[in-house]
Amino acid sequence: MNKIRIGSGAGYAGDRIEPAVELAQKGQLDYLVFECLAERTIAIGQKQKKQDANKGYNELLEARMRAVLPSCYENCVRIVTNMGAANPIAAGHLVMRVAKELGLASFKVAVVLGDDVLPELHRLDLKLNEAGVAVSQSGKDIISANAYMGIEGLLEALESGANMVIAGRVADPSLFLAPMVHEFGWPQDDWEKLGKGTCIGHLLECAGQITGGYFADPGVKDVIGLAKLGFPLAEVDESGDAVITKVEGSGGVVCEATCKEQLLYEIHRPDQYFTPDVVADFSNVSFIQQGDNRVAVKGANGSVRTQTLKISVGYNDGFIGEGEISFAGPNAVARGQLALDIVKERFSVCRFEPIEARYDLVGVNALHGVTRSTHGEPYEVRARVAVRCSTFEDAVFVGNEVETLYTNGPAGGGGVAKSAKAVLAMDSCLIPRDQVHATITILED
Amino acid sequence: MKLRDIAHSRTGDKGDISNISLIVYDIHDYGQIKDAVTAEKVQNWFSDIVSGEVVRYELPAIGALNFVMYEALGGGVTRSLALDIHGKSLSSALLDFVI
């Protein structure tokens with residue numbers, strides 16, 4: 001049966017680079033996919049692009065390509081990625097320059113555009129899901145709107161014969177599904193196969209999270225070699241069945257348990273996983289260990305895709321100011337609590353009214369609140385104040401107030417850290433599918 | 001017995017929604033967590049963190065439950081004031097649950 005091998009070279013924008021090189025060199029791959037766009041990444045990219053028209057793509061793009069392109073070129077591994085982020089064209093030109101400097105003859109990049117739908121968002125005055133009202137009524141300072149596109153543009157890009165396909169916002173599993181549909185000629189209404197391929201893409205998209213990363217719990221779930229964690233690859237056959245594995249000798253583990261955790265990662269209804277390509281059904285997926293670090297995936301399904309696409313909308317949402325200070329030894333918790341109480345009182349003394357505030361004792365109640373903190377007094381604690389503010393100056397003030405505890409607060413406070421940052425928040429909405437059009441631009445010498 | 005003794009877990013986030021998987025090591029223990037770890041109990045367990053509804057989905061084929069918790073992340077990863085903005089550590093709190 002016809003088979004292809006697809007590797008996953010990154011699970012997020014800043015992921016390790018060496019495991020991708022290892023895959024390119026030793027994975028006997030046909031495709032290497034880099035999924036590098038979290039919900040907010042593209043909105044950050046839009047801000048960067050506004051400041052410099054040649055920026056707005058993944059910050060590690062050049063380093064990644066310098067590392068993997070020679071092996072990918074030599075081994076005929078095609079690359080598919082969303083590292084274009086807010087500026088896929090600029091990313092494409094950068095990759096062409098790197099390929100030229102590396103002496104890779106006849107290198108070709110296909111850039112997929114069309115996800116930027118900021119004009120359509122305003123023209124159609126779409127309803128924001130979280131705000132619950134139309135854009136024009138929301139009063140939000142919107143800076144980006146990007147539609148999650150499916151495989152269509154990627155397929156056209158692959159058909160061009162390009163060595164590398166660079167997109168912006170594309171649904172994560174679609175990056176993996178496109179090579180399967182391209183190679184096996186699956187009809188784009190074969191919902192079962194698209195569901196199976198989407199499941200494989202979902203399993204691979206967070207890279208190390210299926211090979212033992214984000215899994216270890218010493219003494220209970222031990223994983224060997226996390227400092228040299230291998231990233232996953234799937235051997236996919238034309239029926240849509242697959243084996244998840246990794247390069248021999250790499251760190252980590254691929255077992256049924258790692259696959260199960262990743263199957264349910266960021267999933268809501270298991271029988272209705274919406275992507276632009278299909279409504280995938282993971283409810284009957286099963287995993288079978290077939291040997292060391294080899295797990296077979298079976299049982300995914302799918303049904304007809306929806307007529308709408310999701311848009312993620314980025315908007316400016318004020319500022320957050322933070323300050324932290326640590327206490328240790330006898331009575332550390334009481335001194336940490338006193339520190340928080342002082343800062344809270346200072347805010348009222350200074351007539352500063354937080355929009356929203358948190359007062360945490362890291363080591364006691366910062367992660368899960370007070371009611372679960374029953375494990376005795378810790379040796380050290382860190383008092384943490386975080387405040388939502390309407391201006392940057394207010395956010396700076398919050399950290400400064402915590403810093404004044406050095407000379408004005410409880411005994412023995414140390415290690416102050418403070419920060420003030422602008423908040424880039426996200427909302428989402430749905431757009432009719434026919435309003436979004438993928439287009440391809442080919443870059444070659 | 002704590003859930004940690006028979007199951008493992010991972011948390012994911014989408015906007016202000018957190019989902020926590022609960023997966024038994026031994027498929028024979030699935031019936032036990034299915035009976036003992038209801039959506040209502042999880043809602044109570046996270047009552048000081050989760051403001052919205054908790055919905056449970058069952059995956060008998062892999063011996064897992066998936067809990068979807070609404071209004072769980074202080075407005076979502078992009079605007080939360082929390083230390084753990086993704087709520088990634090919530091899985092560990094679920095494994096501390098006694099059955």
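The values are calculated or read from the model by the stated rules, or taken from the named source; none is laboratory data. Since this is a predicted model, take the numbers as computed values, not measurements. Note: ideal-geometry Cβ built from the backbone for every residue, glycine included; neighbour counts use all protein chains shown.
Annotations for the structure displayed:
Per-residue answers, yes or no, for (1) on the phi < 0 side of the Ramachandran plot; (2) touching a Phe, Trp or Tyr at 6+ places or on another chain (Cβ under 9 Å); (3) outside the structural domain of A:His182 (by TED's automatic domain parsing); (4) of a type in the set (Gly, Ala, Ser):
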residue: A:Tyr31; (1), (2), (3), (4): yes, yes, no, no
residue: A:Gly56; (1), (2), (3), (4): no, no, no, yes
residue: A:Ser71; (1), (2), (3), (4): yes, no, no, yes
residue: A:Asn87; (1), (2), (3), (4): yes, yes, no, no
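- Among residues of the stretch B:64-84, those that are within 19 Å of A:Lys260 (Cβ to Cβ) and either more than 8 Å from chain A (Cβ to nearest Cβ) or surrounded by fewer than 19 Cβ atoms within 10 Å (Cβ to Cβ) (or both), counted: 2
- Residue satisfying all of: in the stretch B:1-42; more than 20 Å from A:Ala257 (Cα to Cα) and free of Cβ contacts under 8 Å to residues at least 24 places away in the same chain; farthest from the other protein chains (Cβ to nearest Cβ) among these: B:Asp35
- Yes/no for A:Val364 being at negative phi, touching a Pro at 6+ places or on another chain (Cβ under 6 Å), in contact (Cβ under 8 Å) with a residue 24 or more places away in the chain and not in a helix (DSSP H, G or I): no
Residues checked against (1) over 24 Å from B:Ile27 (Cβ atoms); (2) among the hydrophobic types (A, V, I, L, M, F, W, C); (3) in contact with a strand residue (DSSP E or B) (Cβ under 8 Å, 6 or more places away or on another chain):
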residue	(1), (2), (3)
B:Val55	no, yes, yes
B:Arg79	yes, no, yes
B:Ser91	no, no, yes
B:Leu95	no, yes, yes
B:Val98	no, yes, yes
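- Count of the stretch B:51-63 residues which are in a loop (DSSP other than H, G, I, E, B) and buried (at least 16 other Cβ atoms within 10 Å of the Cβ): 1
- From the options A:Lys228, A:Lys246, residue that is under 17 Å from A:Asp15 (Cβ atoms), away from chain B (no Cβ under 11 Å) and surrounded by fewer than 24 Cβ atoms within 10 Å (Cβ to Cβ): A:Lys228
- Scanning the stretch A:358-415 for residues that are within 16 Å of B:Leu81 (Cβ to Cβ) and either among the hydroxyl-bearing types (Ser, Thr, Tyr) or not assigned by TED's automatic domain parsing to the domain that holds A:Gly321 (or both) turns up A:Tyr359, A:Ser390.
- Restricting the stretch B:85-99 to residues that are part of a loop (DSSP other than H, G, I, E, B) and more than 8 Å from chain A (Cβ to nearest Cβ) leaves a set whose member that is farthest from B:Ile33 (Cα to Cα) is B:Ile85.
- Within the stretch A:1-23, considering residues that are of a type in the set (A, V, I, L, M) and surrounded by 24 or more Cβ atoms within 10 Å (Cβ to Cβ), the one farthest from A:Gly314 (Cα to Cα): A:Leu23
- A single member of A:Asp222, A:Asp237, A:Asp172 is assigned by TED's automatic domain parsing to the domain that holds A:Phe34, out of contact with any strand residue (DSSP E or B) (no Cβ under 9 Å at 6 or more places or on another chain) and in contact (Cβ under 8 Å) with a residue 12 or more places away in the chain, and it is A:Asp172.
- Residue tally, condition of a type in the set (Val, Ile, Thr), surrounded by fewer than 17 Cβ atoms within 10 Å (Cβ to Cβ) and part of a helix (DSSP H, G or I), over the stretch A:117-175: 0
- Selection within the stretch A:406-436 - closer than 22 Å to A:Arg123 by Cα and exposed (fewer than 12 other Cβ atoms within 10 Å of the Cβ): A:Asp434
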